[in-house]
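To start, the structure under review is shown below, and the notes come after it.
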Amino acid sequence: MRRVLAGAILLLETAVVPAVAQPRPGVEQTPQLFIVRVAASFDDVMTSLQEAIKRRNYVVTGINNLDDTLAQRSRDIGGPSPTWAHYKVVGFCNLTLADEALRRNPSVGAFMPCRAVVYQERGVRETTVIAVRPSFMGQGFGERMEGLMQQVELDILAILTEVAGD
């Protein structure tokens, strides 16, 4: 059964013209990044991001609280306070796609899970969300990974488009 499923996936990837992330309203795109700026509170954007991640069949694997950690470190060494009010790194993963990617090339695990940085400067209402484009990260993995990377990129773009629209 596994060979049949793997063969079907390979057939789909080679038979279908790979989708390319198209510009979406509210999402700035560079060759390396997707960037969203939302005129909303940090907490509202974090909630929106986590809900959008779940709706796309991804799971949040962890949230790194760099704002708290770096602020504490700054206090410990007597350094300047950070310029942001909030700074979190949200890790998220589609376990089915991750499993398939690791089967194709275990080295891709160095780029997992997907990550989005969410931050807000002090005194500013706007919250920024930035994610690295899988097509940029996966350039060295060749054609075998291309279809999966494009699927993840489309998913991240859909997640950020949803956050931008809220």
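Looking only at residues in the range 83-125 that are of a type in the set (Lys, Arg) and in a strand (DSSP E or B), the one that is farthest from the chain's Cα centre (by Cα) is LYS88.
The single condition from (1) crowded, with 19+ Cβ neighbours inside 10 Å; (2) in a helix (DSSP H, G or I) that GLN150 fails is (1). Only one entry of ALA8, ALA85, ALA15, ALA39 meets the criterion of being at pLDDT 90 or above, loosely packed, with under 14 Cβ neighbours inside 10 Å and not polar (S, T, N, Q), and that entry is ALA39.
Being touching a residue at least 40 places away in the same chain (Cβ under 8 Å) and of a type in the set (Phe, Trp, Tyr) is the filter here, so list the residues in the range 128-144 that pass it. Give the derivation first.
So in the range 128-144, the residues touching a residue at least 40 places away in the same chain (Cβ under 8 Å) come out as 128-133, 135-136, 144.
Within the range 128-144, PHE136 is the sole residue that qualifies.
Working only within the range 88-115, note down all residues that are of a type in the set (Val, Ile, Thr) and either out of contact with any helix residue (DSSP H, G or I) (no Cβ under 8 Å at 6 or more places or on another chain) or modelled with pLDDT under 95 (or both). Matches in the range 88-115: THR96, VAL108. The test for being over 30 Å from GLY147 (Cα atoms) and free of Cβ contacts under 8 Å to residues at least 40 places away in the same chain does not hold for LEU95.
Cβ-Cβ distances below 8 Å connect no pair with a first residue in the range 71-82 that is in contact (Cβ under 8 Å) with a residue 60 or more places away in the chain and of a type in the set (A, V, I, L, M), a second residue that is outside any loop (DSSP other than H, G, I, E, B) and surrounded by fewer than 11 Cβ atoms within 10 Å (Cβ to Cβ), and a separation of six or more residues or different chains. Of the residues making up the range 64-82, those that are assigned to a helix (DSSP H, G or I) and either modelled with pLDDT of 95 or more or more than 18 Å from the chain's Cα centre (by Cα) (or both) are ASP67, ASP68, THR69, LEU70, ALA71, GLN72, ARG73, SER74, ARG75, ASP76, ILE77.
The values are calculated or read from the model by the stated rules, or taken from the named source; none is laboratory data. Computed from a predicted structure; not experimentally measured. In this analysis, Cβ positions are derived from the backbone assuming ideal geometry, glycine residues included, and neighbour counts consider all displayed protein chains.
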